[in-house]
1. Taking the stated definitions as given, is Arg124 away from the ligand (no atom under 15 Å from the Cβ) and under 30 Å from Leu311 (Cα atoms)?
2. Looking only at the stretch 147-158, how many residues end up being crowded, with 21+ Cβ neighbours inside 10 Å and within 13 Å of the ligand (Cβ to nearest atom)?
3. Of the conditions (1) among the acidic types (Asp, Glu); (2) in contact with a Ser or Thr (Cβ under 9 Å, 6 or more places away or on another chain); (3) buried (at least 23 other Cβ atoms within 10 Å of the Cβ), Asp371 clears all except one; give me its number.
4. Within the stretch 167-205, take every residue that is under 24 Å from Ala266 (Cβ atoms) and in a strand (DSSP E or B) and give me the one that is farthest from the ligand (Cβ to nearest atom).
5. Only one of Val174, Val242, Val200 is under 30 Å from Ile435 (Cβ atoms), in contact with a helix residue (DSSP H, G or I) (Cβ under 7 Å, 6 or more places away or on another chain) and either buried (at least 22 other Cβ atoms within 10 Å of the Cβ) or not assigned by TED's automatic domain parsing to the domain that holds Val332 (or both); which?
6. Among all residue pairs at least 6 apart or on different chains, which show Cβ distances below 6 Å where the first residue, located in the stretch 97-125, is without any contact (Cβ under 8 Å) to a residue 12 or more places away in the chain and among the acidic types (Asp, Glu) and the second is part of a loop (DSSP other than H, G, I, E, B) and buried (at least 16 other Cβ atoms within 10 Å of the Cβ)?
7. If you go through the stretch 117-137 one residue at a time, do you hit one that is part of a strand (DSSP E or B) and in contact with an Asp or Glu (Cβ under 6 Å, 6 or more places away or on another chain)?
8. Using beta carbons and a limit of 8 Å, which pairs, at least six apart or on different chains, have the first residue in the stretch 199-219 and within 28 Å of Arg446 (Cβ to Cβ) and the second one modelled with pLDDT of 95 or more and polar (S, T, N, Q)?
Amino acid sequence: MAPLFAKVLIANRGEIAVRIIRTCRELGIASAAVYSEADRESLHVLLADEAVLLGPAPAAESYLAIERIIAAARASGADAVHPGYGFLAENARLAEACAGAGLVFIGPPPAAIRSMGDKMAARRVALQMKVPVVPGTEHPLRDDAEAARAAAEIGYPIMIKAARGGGGKGMRLVRAPGELAGALRTARSEAGAAFGDAAVYVERYVEEPRHIEIQVLADGHGGIVHLGERECSIQRRHQKLVEESPSPFLDADLRRRMGEAACRVAAAAGYVNAGTVEFLVDRDRRFYFLEMNTRLQVEHPVTELVTGRDLVKEQLRIAAGEKLGFAQDDVVRHGWAIECRINAEDPAAGFIPSPGRIASLRPASGPWVRDDSGVYGGYTIPRFYDTLMAKLIVWAPDRDTAVARMARALAEYQVVGVTTTIPLLRRIMGHEDFIAGRLSTHFLDRLVESDRPPAAGRRRAVALAAAAIAAYERVGRTVPAASSATGSAWRRVVWPGWRQR
Ligand code: MV4
């Protein structure tokens, strides 16, 4: 059978570019990487069949320059463009520019990107499809008086959100009427600075929400299925650190209802390709549509591992005009998957980026461990882009086994030379509340504050995770220092702070 495309240009960098190259290669599709002057030595450039220089390091002159991406695609003779995530992935103008140049954009139609990119318009689509949204105003607020009336009607506490926003910018919690005017002012100025549009609206505040998202796939022939949920509640300042599938919070009935709701929103938006519908779920298991992400997401591997389906392959098939090869009833979920994001950041210093040279790297491996990495030992992480080095993903038959396996894999993972989130991730895997599935969007803040001794029923699981780490701590101590120069870094970075705060 002829490949879906002859050559795909990957308009991205780092681990996601590597991820896409891998599926292309398995399907007999040639891959063309793009790179900036800061990325000459990057892994995606080394692994692709060919690579095209875009321009200088700043993203505005390279990975965000639509005309340079199109020129690179033309120069390489690619017939399709995969945008990955971030950069231009949700930019309708790239999708249009591809079409104009006779290139297939491996993503949704421009109209679907636009309608879901406008958060208030997306809310209206959901409402129209009888999908619950958080009670709130349907249009941007004209002035403070209208905001005060709306807030009083909805009832405090309320949340002010940027109409064009997403990702938490321009968001303000207001607990009482006296705080409203000040919060409106800061939300408007933040929204204006971040999105070039100061319009805001109000919603009822959902206390301790869970962030649960549904993966959907839609083909260009009216076929649409969902692949279940991802639980993404372990985040800090809207940056996710740990994701898993399934969610410990969902039962079969709620999963089915949220899945159907996600498919209704996607269908109403004219959606084609892979997309994600985000929901907030409150303590009483009520779910509310939040927004739709019109791209492949960072955390897609957990869905791949529990459904056995290659999402990049499905994206390529859909973009090539094929029908989905399976129906909703064919989607079976099996076992449990967890992903941890390994970032070059220092959690102890407010998660500031720690780019630099990776003196040595020994990733985790072994049974049911997947390392989606964009780096290698000796590589220098440039300071221009995001800090995600690798994603560590494990699969197991059940959640307790998956947590133990992740603890084991994190204990193995050695990064020398840059500070990473690995020690924090090890602590999360050993935390009683995480092990018990008591996840909330406040988990991480609380983790930093206090730890309690494990409850009786959870001692075994906590002990298992701790024992896995302890075993590797012994191994770590017997590993000779690489050299006198790196010896101190080795000891500092390899097994730091499992029990320390
Ligand atoms: C909310 C909320 C509570 N009530 N909306 C929206 C964008 C997302 N990045 C954060 N959002 C929230 N919207 C209402 N009406 C709480 C959050 C929120 C949150 C949501 C999911 C995961 C982590 C979060 C952390 C802080 C706030």
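The values are calculated or read from the model by the stated rules, or taken from the named source; none is laboratory data. Keep in mind that this is a model prediction, so the values were computed, not measured. Here the Cβ positions follow ideal geometry from the backbone for every residue, glycine too, while neighbour counts run over all protein chains shown.
1. yes
2. Residues that pass the stated criteria total 2.
3. (3)
4. My answer is Tyr201.
5. None of the others qualify; the one that does is Val242.
6. none
7. Yes, because at least one residue in the stretch 117-137 is part of a strand (DSSP E or B) and in contact with an Asp or Glu (Cβ under 6 Å, 6 or more places away or on another chain).
8. Short answer, once both residue conditions are applied: Arg210/Ser247; Ile212/Ser247; Glu213/Thr276; Glu213/Asn293; Glu213/Gln297; Ile214/Thr276.
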